[in-house]
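S.K.: I have a structure here, written as structure tokens, and I will follow up with some questions on it.
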Ligand SMILES: [Cu+2]
């Protein structure tokens, strides 16, 4: 979603909550109006226009769903109405709400049955780039997701305009054979080649950027000299992405919404559930530049277009044009330095878990036949993941932010961290300050459905 304030259409503010809709260059279906005292999200069957072809899917009125934008310290109040033929819930990915608002059916709340509703209401004290999505079965694999931005009370970064880009793999209503040339892959999971970065292996005929296929790309307007903030989010079920912009570099300012010292790179790699905020200097004199999105470890291609205003005569890049920057320098977790490290107590952690990720098991167990991981309030908890499988796993902890342990001692604060395949090890620490049962899981939704989930359970010390 764009952009500068003046570009916001359909802005409604009720009780500190803004609903921003209809901002794309091309008209989209409007979201439902906010209900009294907040926003209403109606999960319902809908049709999505994919480059002129209407396909059936499920969504919140548009894909991605309406942007939710509020300020740190606001109370978010969202009424979910379920117009689907099955149960649903909404999870607020990256936020740390009270347990009952986390949206995990059977763990934090009863599922919302068809025709019923549920009101999510909680304070959002921490600024950042987040996402919301359904958390029942494979519903997220359809269009049931959207961006959620919490702005700081005082913005420290300076930039001229802002866009949010949600990257997704798509198969709803699309015949794989129709798009064989664009990246169809076998339905079965083939073991990836040893040197390959692979996050999944299912068939996804399309990659969408903000709900749009390469043939009908989102256009990001800039003026020469602008500094542009991009919030790039991977909401895919089964696909890790490489992201780059032809002719432009990316200055990383935030990972998973949390600030880091600026690092300038050529490209990003995003596991499912990960987000990066970057600043881009529009230093070219004009033209239209490819924003390229490539699937890691499989065929698949998506794109948007960065166009300099006044360059209307310039031909947009052809759909398949691949920015050379995709092969350039990526940021590593080790070089990212948190600007706001967690207030972890000094000394050794109070509790340590060492978990092997093998196949789609965590510590040799498959949920729901898996032991909870006990923690007690106030503890500093350390979790190490050793990945012996051939897939890269983006591991997500609900309800908390954690700090990735890196040689600098000031690793990035995140909520989703990718553990490389074939011996990759990642350790993070978190402070147990949010009582309840919390999901800790792989954000490959097929792996999650296969049981790659454990519960972090608060117990008495
Ligand atoms: Cu996984």
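S.K.: What pairs can you find where one residue is in region 429-450 and assigned by TED's automatic domain parsing to the domain that holds residue 377, the other is assigned to a strand (DSSP E or B) and surrounded by fewer than 17 Cβ atoms within 10 Å (Cβ to Cβ), and their Cβ atoms are less than 9 Å apart, with a gap of 6+ or different chains?
M.R.: 432/351; 432/376; 436/457; 437/457; 438/457; 450/366
S.K.: Quick check on my filter: what residues within region 188-201 are within 16 Å of the ligand (Cβ to nearest atom) and at pLDDT 75 or above?
M.R.: 196, 197, 198, 199, 200, 201
S.K.: If we keep just the residues of region 359-381 that are part of a strand (DSSP E or B), more than 16 Å from residue 397 (Cβ to Cβ) and within 16 Å of the ligand (Cβ to nearest atom), which is farthest from the chain's Cα centre (by Cα)? Before you say what the answer is, go through the steps one by one.
M.R.: Within region 359-381, the first condition is being part of a strand (DSSP E or B), and the residues that meet it are 361-362, 365-366, 369, 373-376, 380-381.
Imposing the further condition that a residue be more than 16 Å from residue 397 (Cβ to Cβ) reduces the set to 361, 365-366, 369, 376.
Narrowing the set further to residues that are within 16 Å of the ligand (Cβ to nearest atom) leaves 361, 365-366.
Working: 361: 23, 365: 26, 366: 24 Å.
Selected residue: 365.
S.K.: Given the conditions (1) modelled with pLDDT of 95 or more; (2) surrounded by 15 or more Cβ atoms within 10 Å (Cβ to Cβ); (3) not in a strand (DSSP E or B), report the number of the one that residue 302 does not fulfil.
M.R.: All conditions pass for residue 302, except number (3).
S.K.: If you check residue 150 against the conditions, is it in contact with a helix residue (DSSP H, G or I) (Cβ under 9 Å, 6 or more places away or on another chain) and in contact (Cβ under 8 Å) with a residue 60 or more places away in the chain?
M.R.: On the way: in contact with a helix residue (DSSP H, G or I) (Cβ under 9 Å, 6 or more places away or on another chain): no; in contact (Cβ under 8 Å) with a residue 60 or more places away in the chain: yes.
Spelling it out, it is not the case that residue 150 is in contact with a helix residue (DSSP H, G or I) (Cβ under 9 Å, 6 or more places away or on another chain) and in contact (Cβ under 8 Å) with a residue 60 or more places away in the chain.
S.K.: Of the conditions (1) away from the ligand (no atom under 16 Å from the Cβ); (2) assigned to a loop (DSSP other than H, G, I, E, B); (3) farther than 24 Å from residue 241 by Cβ, residue 458 clears all except one; give me its number.
M.R.: (2)
S.K.: Does residue 108 meet the test of being within 20 Å of the chain's Cα centre (by Cα), in the same structural domain as residue 38 (by TED's automatic domain parsing) and within 20 Å of residue 453 (Cβ to Cβ)?
M.R.: Here the answer is no, as residue 108 does not meet what is asked.
S.K.: For residues that are under 16 Å from residue 130 (Cα atoms), in a strand (DSSP E or B) and away from the ligand (no atom under 16 Å from the Cβ), tally how many sit in region 382-410.
M.R.: Going through region 382-410 one residue at a time, the tally reaches 1.
S.K.: Sticking with this one: In region 166-187, is there at least one residue being at positive phi and at pLDDT below 95?
M.R.: yes
S.K.: Let me ask something else about it. On the given criteria, is residue 356 within 16 Å of the ligand (Cβ to nearest atom) and not assigned by TED's automatic domain parsing to the domain that holds residue 251?
M.R.: Working: within 16 Å of the ligand (Cβ to nearest atom): yes; not assigned by TED's automatic domain parsing to the domain that holds residue 251: yes.
So residue 356 fits the description; yes.
The values are calculated or read from the model by the stated rules, or taken from the named source; none is laboratory data. As the structure is a prediction and not an experimental result, all values here were calculated from the model. All Cβ positions, even for glycine, are placed from backbone atoms using ideal geometry, and neighbour counts span all protein chains on display.
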